[in-house]
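The values are calculated or read from the model by the stated rules, or taken from the named source; none is laboratory data. Since the model is a prediction, treat every value here as computed from it, not as a measurement. Cβ placement follows ideal geometry from the backbone for every residue including glycine, while neighbour counts extend to all protein chains displayed.
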Amino acid sequence: MARRILLVGGDEFRPSCAGMDRHMLHQTGQSAPRVAIIPTAAARENPALAASNGVRHFTGLGASAYSVDVIRRADAENPRIVAQLEGADVIYFTGGSPEHLHTVLAGSPLLEAVIAANLGGAIWAGSSAGAMVLGAVMRRPSSGSPVSPALGIIPDVMVLPHHERSDPQAVTNELSSPETVSLTVLGIDGGSGIMLEPGGATALGAGNVTVYQSGSWRRYAGGEAVPGLTADGPAG
């Protein structure tokens, strides 16, 4: 099956995401896709609310949505919880703390199960923190260094969520450090996303995806193909 990953810039489960999420559900080929909502990144806020919002949103779009309550590392190592991913057509990680999400997921049985499901055809979706952890590194200046490790699911890529707040030229200047200069950086607006597939990528949603490469940048609106990028990272 084709490996597909949807990176969302934040503001998940809001009306502005409905068109993008309908497209994702259609891509599963199922009349009532099973959508697993994982609120790990929201553990320090209100994970139950985050999961409930996701279940309500996708149920309203015709999916069969449910929560997989992975809050701490022990949950990601619990076989009974991991088994709840079986049969999911979409696995969706909410926003919140990327550091906490990375700590819980890295090297866990849950991560192995998500990778296997994704390779088997399930769409892997992540919003904000859920998207940030999928790249090679995450930009976290508060950690004391320009970047910190991510899961490396999409090689040579870094994700900047909520990008509608950013000035592209200022971001270009900030990306000149040795840690980031060789990366393809995706600035994704809230309520927007980019679907990565083996053969290419497509911007989705009401906002834009800004792609930074080699000291330059370009914006892509919803529905536009984004050249040179696949689910396996930058092409070529």
*Within segment 89-118, can you find the residues that are in a helix (DSSP H, G or I), over 29 Å from GLU179 (Cβ atoms) and among the aliphatic types (A, V, I, L, M)?*
ALA113, ALA116, ALA117
*Would you check if THR180 is at negative phi, in contact with a Pro (Cβ under 9 Å, 6 or more places away or on another chain) and part of a loop (DSSP other than H, G, I, E, B)?*
yes
_Go through segment 30-50 and report how many residues are under 17 Å from GLY62 (Cβ atoms) and either in contact with a His (Cβ under 6 Å, 6 or more places away or on another chain) or in contact (Cβ under 8 Å) with a residue 60 or more places away in the chain (or both)._
0
*Flag if ALA36 is touching a helix residue (DSSP H, G or I) at 6+ places or on another chain (Cβ under 7 Å), of a type in the set (Gly, Ala, Ser) and closer than 19 Å to GLY120 by Cα*: yes
*Could you list all residues from segment 77-133 that are at positive phi and either hydrophobic (A, V, I, L, M, F, W, C) or touching a residue at least 24 places away in the same chain (Cβ under 8 Å) (or both)?*
GLY87, GLY96, GLY121, SER128
_Residue, farthest from the chain's Cα centre (by Cα), within segment 130-149, restricted to residues that are modelled with pLDDT of 95 or more and among the small types (Gly, Ala, Ser)_ = ALA136
*Of the residues that make up segment 36-53, is at least one among the small types (Gly, Ala, Ser), farther than 22 Å from GLU197 by Cβ and not in a helix (DSSP H, G or I)?*
yes
*Of the criteria (1) over 30 Å from ALA2 (Cβ atoms); (2) assigned to a strand (DSSP E or B); (3) not hydroxyl-bearing (Ser, Thr, Tyr), which one VAL185 fails*: (1)
*Could you run through segment 21-45 and say how many residues are over 18 Å from the mean Cα position of the chain (by Cα) and either at pLDDT below 95 or surrounded by 19 or more Cβ atoms within 10 Å (Cβ to Cβ) (or both)?*
3
*asked:* Being in contact (Cβ under 8 Å) with a residue 40 or more places away in the chain and either hydrophobic (A, V, I, L, M, F, W, C) or crowded, with 18+ Cβ neighbours inside 10 Å (or both) is true for just one of VAL171, VAL185, VAL147. Which residue is that?
replied: VAL171
*Search result, residues across segment 182-236 that are touching an Asp or Glu at 6+ places or on another chain (Cβ under 7 Å) and of a type in the set (A, V, I, L, M)*: LEU183, ALA203, ALA231
*With respect to the numbered conditions (1) touching a strand residue (DSSP E or B) at 6+ places or on another chain (Cβ under 9 Å); (2) farther than 17 Å from LEU134 by Cα; (3) touching a residue at least 12 places away in the same chain (Cβ under 8 Å), which one is the sole condition not fulfilled by SER216?*
(1)
*Candidates GLY191, GLY222, filtered to the one that is crowded, with 23+ Cβ neighbours inside 10 Å and touching a strand residue (DSSP E or B) at 6+ places or on another chain (Cβ under 8 Å)*: GLY191
_Condition check: surrounded by fewer than 20 Cβ atoms within 10 Å (Cβ to Cβ) and closer than 19 Å to VAL185 by Cα. Does VAL137 satisfy that?_
no
